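The values are calculated or read from the model by the stated rules, or taken from the named source; none is laboratory data. None of these values were measured; they are calculated from a predicted model. Cβ coordinates were reconstructed from backbone atoms using ideal geometry, including for glycine residues, and neighbour counts include every protein chain displayed.
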Amino acid sequence: MTNHSPGSASPPAAGVNLDGFMFFNATEARTLDAMTARIVPSEPDGLGAREAGVVTYLDHAVAGYFRELQSIYRVGLQRLDSYCLAKAGAVFAGLSVSRQDEILREFDTGIGVSAAGADTERLEADSVEPILTRFFAIVREHTIQGMFCDPIYGGNRDFVGWKLIGFPGAQWEYTEEQMRPGFDATTIPILSLADLQRSRVFRHD
Amino acid sequence: MGSGTPSPVDVVIVGTGATGGTAAKVLSERGLNVVGIDRGPYLTPKDFSGDEIKYVNRNFLVPDVLLNPRTYRQDESETAELSAFSLLPQVVGGGTVHWAGWFPRPKPSDFIQHSLHGDVPGASLADWPYSYEDLEPFLTKVEWAFGCAGLDGADRNAPYRSRPYPNPPMPPTKFGRAFYRACQKLDINAHPIPQALVTQPFRGRKPKHLTGFWNLYGDPSGMRSGTATTFIPEALATGNYELRTDCYVQRIVVDRHGNAEGVIYLDADGEEVEQKASIVILAAGAIESARLLLLSATERHPDGLANSSGMLGKNATFHEYVYATGLFDREVCEPFDGYAGHYLSGGSMQFYETDERRGHICGSIIGASQVGHPINWMLPGRPVWGEAAKRADRDYFRHSMKIGMCLHDLAVESNRVDLDPTVKDAWGMPVARITHRSHSNDLALAKWQLAKNAEILDAAGAKQVTSVSHQRCTGNTFHQHGTARMGFDPSKTVLNEWCEAHDVPNLYVIDGSGFPTALGVNPTLTMMAHAWRACEFIADYHAKGRKFRLDRRPAARNNAGGA
Ligand SMILES: Cc1cc2nc3c(=O)[nH]c(=O)nc-3n(C[C@H](O)[C@H](O)[C@H](O)COP(=O)(O)OP(=O)(O)OC[C@H]3O[C@@H](n4cnc5c(N)ncnc54)[C@H](O)[C@@H]3O)c2cc1C
């Protein structure tokens with residue numbers, strides 16, 4: 001990363017570097033932290049991508065399952081910073097949040113484009129904007145995954161995502177009482193896959 | 001895993017899904033010596049959970065598109081592009097492992113579309129070589145052997161059935177109750193959609209809890225009916241069925257007399273194995289079965305096996321799931337609903353039959369559901385990032401429901417499956433290329449029905465209603481049919497009325513490939529009954545050297561013996 005300007009560092013973010021990274025370097029992680037925090041902001045309730053540890057989800061996913069997207073992540077992150085430097089005089093993470101929002105809006109196609117089918121060969125040939133449009137669509141899609149996945153994948157830390165929407169986890173059974181009409185479902189304790197795997201539902205004797 | 005050439009058997013079945021599982025049971029219970037081959041693993045309830053990333057966003061069950069893609073184009077003028085079109089699971093049990101399990105019966109009109117509508121311009125409608133009445137005994141056999149829940153008499157226009165539903169339906173969900181109330185206001189006949197699951201102790205199965213992730217997830221409870229937990233174990237218990245998993249069938253072998261001799265597959269270790277059999281059955285799903293026949297071309301069959309008519313792959317039909325969503329200022333989804341079958345609670349067959357005043361022919365089943373699970377829920381037009389998106393997540397997730405439909409797909413000859421000229425799978429075999437453009441009738445049908453669905457949502461009190469419009473088929477229902485049309489005339493059809501290839505006298509294709517036209521309901525109950533019927537013929541007549549053909553005249557057909 002040649003375009004990183006050290007003077008513009010924002011305060012260390014909650015989601016970054018708690019777990020270390022398998023794939024991203026510190027600069028890449030910092031940019032992604034800033035991006036994902038605009039996709040699901042922490043305000044006003046502290047239930048945002050940062051608190052959910054979304055960058056850890058991205059890191060695990062790109063190191064493993066989405067390995068064919070490694071190139072577009074690397075190149076996308078570099079291009080985003082070059083673009084921001086040329087246009088706004090600082091790398092993405094060094095810009096104010098309102099400026100970050102403006103930049104991301106430029107690359108927003110308005111639809112949740114599916115990230116499937118990376119076409120890495122075309123990366124170099126394309127002009128800057130189409131790559132950044134696709135890169136943003138991928139990061140957006142993966143951010144939503146990291147926000148609402150089971151915590152076993154590294155995201156949705158402390159059930160931050162599920163608390164936001166009122167989802168109790170992928171539970172397989174409820175008590176008679178919980179199933180009764182009118183029961184306040186928000187009082188059901190949230191359970192993770194790990195919790196469920198320890199429970200009797202998963203024992204098949 | 002076997003190597004080289006294992007001993008010949010009576011029957012080899014490619015596929016262990018809805019139809020291959022049915023064949024395994026029917027044939028092995030009748031004493032035939034059967035081998036079933038599937039390219040996927042044998043997973044059991046303990047492999048499953050409600051992990052959305054694993055089942056919905058990644059390919060734990062379905063083929064990896066990087067290894068085994070398909071291509072899609074709308075018509076000849078386009079170059080087909082890589083696509084995950086209608087990728088059914090690659091696992092023992094096939095599409096029944098993680099389906100929603102809507103299990104409605106077809107209606108008599110589905111079998112006589114040409115008689116009813118004549119030559120519709122741009123379409124190639126045909127009558128089936130058998131009728132609803134012919135299939136009825138097999139629909140009943142499947143419902144009672146497999147396990148299915150429904151409410152007797154609730155659909156006012158339901159066709160004749162010889163036995164009631166084996167199990168009562170699940171109680172309605174919150175969004176289901178909203179749907180029922182709205183339909184009552186509008187005088188629409190609404191009822192539980194029959195579903196492939198058990199709600200009471202049934203044939204050794206005990207429903208443990210009335211919850212469960214359905215559509216797209218495997219079921220850890222065993223409550224839902226799938227062939228991997230019913231027909232496959234029953235076939236194995238006969239001692240006559242051998243299951244070979246993780247084996248990828250590459251082609252069908254034909255002897256010098258033009259009879260099928262067996263199949264060649266790659267086993268789990270990549271070794272090539274030939275399994276010889278007296279009868280070869282394809283049940284790989286309508287896309288893969290057509291592909292296998294095309295891949296089995298030889299000098300004598302240059303355009304693919306069983307394709308002297310040139311019709312193989314043509315008239316392919318695929319339903320599209322389209323829907324209208326409603327946003328409410330009250331909660332319409334309880335968290336439980338996600339598990340009580342989020343794709344089904346309340347539906348209607350009121351708009352099923354043709355009413356030409358609507359400006360189109362045919363009709364489709366409709367059903368109410370919630371909008372999905374946390375990562376992949378669907379609410380068209382909602383913001384997708386930033387503060388507005390976060391507000392939408394918080395405020396809309398449990399306040400939205402949808403009313404969807406399985407959009408009918410009129411048979412069109414140029415809609416087809418063939419081999420892609422350039423794209424190959426990771427094993428070097430050409431992949432299936434889908435060419436499909438919806439007939440204008442179906443675009444009109446979608447528009448009319450979605451407006452009706454929106455009206456129901458309105459009556460349910462939605463404060464905002466949005467419809468998705470149907471533009472192109474994406475294969476999102478995973479319903480595949482028509483690629484090896486069955487009929488009496490060998491110059492116009494691929495299979496005969498028993499699902500046997502006109503050209504190859506001991507080769508059967510028993511999945512949806514044979515359907516001359518699509519249905520307006522989810523097809524799998526019909527496919528399984530269709531497969532059961534063919535397999536009884538195979539066991540009771542073909543295997544005993546007493547094959548016969550039906551007379552094409554309907555009057556004579558109804559009296560034909562046995563099946
Ligand atoms: C998410 C989802 C929800 C659905 N919900 C419903 C519903 O509610 N109602 C309904 O009626 N239908 C539903 N369906 C459709 C239903 O699953 C299919 O109609 C049905 O499974 C088709 O049965 P089949 O026997 O033709 O093929 P499948 O069940 O797909 O079985 C085919 C089998 O063949 C194997 N196979 C394929 N090629 C090869 C090869 N070359 N070598 C070896 N093995 C091979 C596959 O691995 C697979 O196991 C749903 C499908 C999906 C994906």
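Test B:ARG156 against the criterion of being outside any helix (DSSP H, G or I) and charged (D, E, K, R), and give yes or no.
Values: outside any helix (DSSP H, G or I): yes; charged (D, E, K, R): yes.
Criteria met by B:ARG156.
Can you tell me which condition B:ASP503 does not meet? The list is (1) touching a residue at least 12 places away in the same chain (Cβ under 8 Å); (2) of a type in the set (Asp, Glu); (3) over 28 Å from B:THR71 (Cβ atoms), and all the others hold.
Evaluating B:ASP503 over (1) touching a residue at least 12 places away in the same chain (Cβ under 8 Å); (2) of a type in the set (Asp, Glu); (3) over 28 Å from B:THR71 (Cβ atoms) leaves (3) as the failure.
Would you please list the contacts, defined by Cβ atoms under 7 Å and residues six or more apart or on different chains, that run from a residue in the range B:102-118 that is of a type in the set (D, E, K, R) to a residue that is within 16 Å of the ligand (Cβ to nearest atom)?
What qualifies is B:ARG105/B:LEU139; B:ARG105/B:LEU525; B:LYS107/B:TYR352; B:ASP110/B:LEU519; B:ASP110/B:GLY520.
Name every residue in the range B:354-371 that is over 21 Å from the mean Cα position of the chain (by Cα) and in a loop (DSSP other than H, G, I, E, B), in order of residue number.
To start, the set of residues in the range B:354-371 that are over 21 Å from the mean Cα position of the chain (by Cα) comprises B:354-361, B:370-371.
Answer for the range B:354-371, where residues must be over 21 Å from the mean Cα position of the chain (by Cα) and in a loop (DSSP other than H, G, I, E, B): B:THR354, B:ASP355, B:GLY359, B:HIS360, B:ILE361, B:VAL371.
Would you say B:GLY285 is at positive phi and at pLDDT 95 or above? Give the derivation first.
Numbers: at positive phi: yes; at pLDDT 95 or above: yes.
In short, yes.
Can you work out which of the residues in the range B:37-51 that are more than 9 Å from the ligand (Cβ to nearest atom) and crowded, with 24+ Cβ neighbours inside 10 Å is farthest from the other protein chains (Cβ to nearest Cβ)? Lay out the reasoning, then the answer.
Step one: list which residues in the range B:37-51 are more than 9 Å from the ligand (Cβ to nearest atom), which gives B:41-51.
If we keep only those that are crowded, with 24+ Cβ neighbours inside 10 Å too, we end up with B:48, B:50.
Values: B:PHE48: 9, B:GLY50: 3 Å.
Only one residue tops the list, namely B:PHE48.
Out of the residues in the range B:52-91 meeting the condition of being among the β-branched types (Val, Ile, Thr) and either away from the ligand (no atom under 13 Å from the Cβ) or within 14 Å of another protein chain (Cβ to nearest Cβ) (or both), tell me which one is farthest from A:GLY154 (Cα to Cα).
B:THR79
Is there a residue in the range B:200-209 that is more than 14 Å from every other protein chain (Cβ to nearest Cβ), touching a Ser or Thr at 6+ places or on another chain (Cβ under 7 Å) and away from the ligand (no atom under 16 Å from the Cβ)?
Among the residues of the range B:200-209, not one is more than 14 Å from every other protein chain (Cβ to nearest Cβ), touching a Ser or Thr at 6+ places or on another chain (Cβ under 7 Å) and away from the ligand (no atom under 16 Å from the Cβ), which makes the answer no.
Quick one: in the range B:472-530, of everything that is at positive phi and either near the ligand (Cβ under 10 Å from one of its atoms) or in a strand (DSSP E or B) (or both), which residue is nearest to the chain's Cα centre (by Cα)?
B:PHE478
Identify all residues within the range B:358-396 that are among the polar types (S, T, N, Q) and more than 10 Å from chain A (Cβ to nearest Cβ); write none if there are none.
Residues of the range B:358-396 that are among the polar types (S, T, N, Q), as a first pass: B:364, B:369-370, B:376.
Within the range B:358-396, B:SER364, B:SER369, B:GLN370 qualify.
Taking the stated definitions as given, is A:GLY146 in contact with a helix residue (DSSP H, G or I) (Cβ under 8 Å, 6 or more places away or on another chain), closer than 30 Å to B:PHE85 by Cβ, modelled with pLDDT under 85 and assigned by TED's automatic domain parsing to the domain that holds A:ARG50?
Numbers: in contact with a helix residue (DSSP H, G or I) (Cβ under 8 Å, 6 or more places away or on another chain): yes; closer than 30 Å to B:PHE85 by Cβ: yes; modelled with pLDDT under 85: no; assigned by TED's automatic domain parsing to the domain that holds A:ARG50: yes.
No: the conditions fail for A:GLY146.
Return the total of residues in the range B:411-427 being among the polar types (S, T, N, Q) and either within 27 Å of B:GLY270 (Cβ to Cβ) or at pLDDT below 95 (or both).
1
Is it the case, given these coordinates, that B:THR229 is surrounded by fewer than 17 Cβ atoms within 10 Å (Cβ to Cβ) and either in contact (Cβ under 8 Å) with a residue 24 or more places away in the chain or away from the ligand (no atom under 11 Å from the Cβ) (or both)? Reasoning before the result, please.
Numbers: surrounded by fewer than 17 Cβ atoms within 10 Å (Cβ to Cβ): no; either in contact (Cβ under 8 Å) with a residue 24 or more places away in the chain or away from the ligand (no atom under 11 Å from the Cβ) (or both): yes.
Against the criterion (surrounded by fewer than 17 Cβ atoms within 10 Å (Cβ to Cβ) and either in contact (Cβ under 8 Å) with a residue 24 or more places away in the chain or away from the ligand (no atom under 11 Å from the Cβ) (or both)), B:THR229 does not qualify.
Quick check on this structure: which one of B:ALA286, B:ALA306 is more than 14 Å from chain A (Cβ to nearest Cβ) and within 12 Å of the ligand (Cβ to nearest atom)? Step through it out loud before you land on a result.
Details: B:ALA306 fails: within 12 Å of the ligand (Cβ to nearest atom).
Exactly one of B:ALA286, B:ALA306 is more than 14 Å from chain A (Cβ to nearest Cβ) and within 12 Å of the ligand (Cβ to nearest atom), namely B:ALA286.
Can you tell me which condition B:ALA543 does not meet? The list is (1) on the phi > 0 side of the Ramachandran plot; (2) more than 12 Å from the ligand (Cβ to nearest atom), and all the others hold.
Only one criterion is unmet by B:ALA543, namely (1).
Looking at the range B:92-146 only, could you name the residues that are within 13 Å of the ligand (Cβ to nearest atom) and β-branched (Val, Ile, Thr)?
Of everything in the range B:92-146, those that are within 13 Å of the ligand (Cβ to nearest atom) and β-branched (Val, Ile, Thr) turn out to be B:VAL92, B:THR96, B:VAL97, B:VAL142.
Take the range B:232-276 and flag every residue that is more than 15 Å from the ligand (Cβ to nearest atom), farther than 30 Å from B:GLY204 by Cα and without any contact (Cβ under 8 Å) to a residue 12 or more places away in the chain.
Within the range B:232-276, B:ASP255, B:ARG256, B:HIS257 qualify.
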